[in-house]
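K.L.:
Before I ask anything, here is the structure I am working with.
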Amino acid sequence: MNAKDFANKWVQSWNSHNLDDILNHYADDIQINTPMIQMAFGEGDGTLIGKEAVSAYWSKALEKFPDLHFELFEVTVGVNSVALYYQSIMHKKAIEVMTFNAEGKVCKMQALYTE
């Protein structure tokens with residue numbers, strides 16, 4: 001996998017607001033951890049498991065932020081993982097760490113944001 005190609009396609013998917021295109025990057029058993037879950041749902045511990053739960057959250061987030069637009073600053077590479085540093089929503093910068101399964105789909109994601 002070319003990390004920069006993945007990152008550019010990932011940003012393009014989010015900027016398109018096409019939920020199916022976004023979800024195509026993720027495994028069915030995806031586990032995400034992000035403080036934005038509490039903001040979108042107003043509850044929970046910041047973790048969702050499974051594509052169905054994640055899809056419902058991201059659908060709600062895309063409705064809440066119709067002007068969502070990410071700008072990629074940097075891509076770093078690890079073992080079966082990447083970390084993307086980008087401009088996110090609400091004038092926050094984000095670092096998103098993604099781990100890939102054997103099929104090349106993101107199976108685990110953790111997002112961190114500036115305050």
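K.L.:
Does segment 18-55 hold any residues that are farther than 23 Å from Glu103 by Cβ and open to solvent by 20 Å² or more (accessible area, probe 1.4 Å), and which are they?
P.N.:
Going residue by residue through segment 18-55, those that are farther than 23 Å from Glu103 by Cβ are 35-46.
Matches in segment 18-55: Pro35, Gln38, Met39, Phe41, Gly42, Glu43, Gly44, Asp45.
For (1) without any contact (Cβ under 8 Å) to a residue 24 or more places away in the chain; (2) of a type in the set (Phe, Trp, Tyr); (3) not in a strand (DSSP E or B), each residue gets a yes or a no:
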residue: Val54; (1), (2), (3): no, no, yes
residue: Ser59; (1), (2), (3): no, no, yes
residue: Leu68; (1), (2), (3): no, no, yes
residue: Glu74; (1), (2), (3): yes, no, no
residue: Leu84; (1), (2), (3): no, no, no
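K.L.:
Now for a different question. I need a count of the residues in segment 89-107 that are closer than 20 Å to Asp21 by Cβ and modelled with pLDDT of 95 or more. Show your work before the answer.
P.N.:
Initial filter on segment 89-107 (closer than 20 Å to Asp21 by Cβ): 89, 94, 96, 98, 100-101, 103-107.
This time we only want the ones that are modelled with pLDDT of 95 or more, so: 94, 96, 98, 100-101, 103-107.
Number of matching residues: 10.
K.L.:
Another question, then. I'd like the full set of residues that are among the aliphatic types (A, V, I, L, M) and either open to solvent by less than 20 Å² (accessible area, probe 1.4 Å) or in contact with a helix residue (DSSP H, G or I) (Cβ under 7 Å, 6 or more places away or on another chain) (or both), limited to segment 90-115.
P.N.:
Ala94, Met98, Val106, Met109, Ala111
The values are calculated or read from the model by the stated rules, or taken from the named source; none is laboratory data. Keep in mind that this is a model prediction, so the values were computed, not measured. Virtual Cβ from ideal backbone geometry, glycine too; neighbours counted across all protein chains shown. SASA here: full protein model, heavy atoms, side chains in, ligands and nucleic acids out. Shrake-Rupley method; radii C 1.70, N 1.55, O 1.52, S 1.80 Å.
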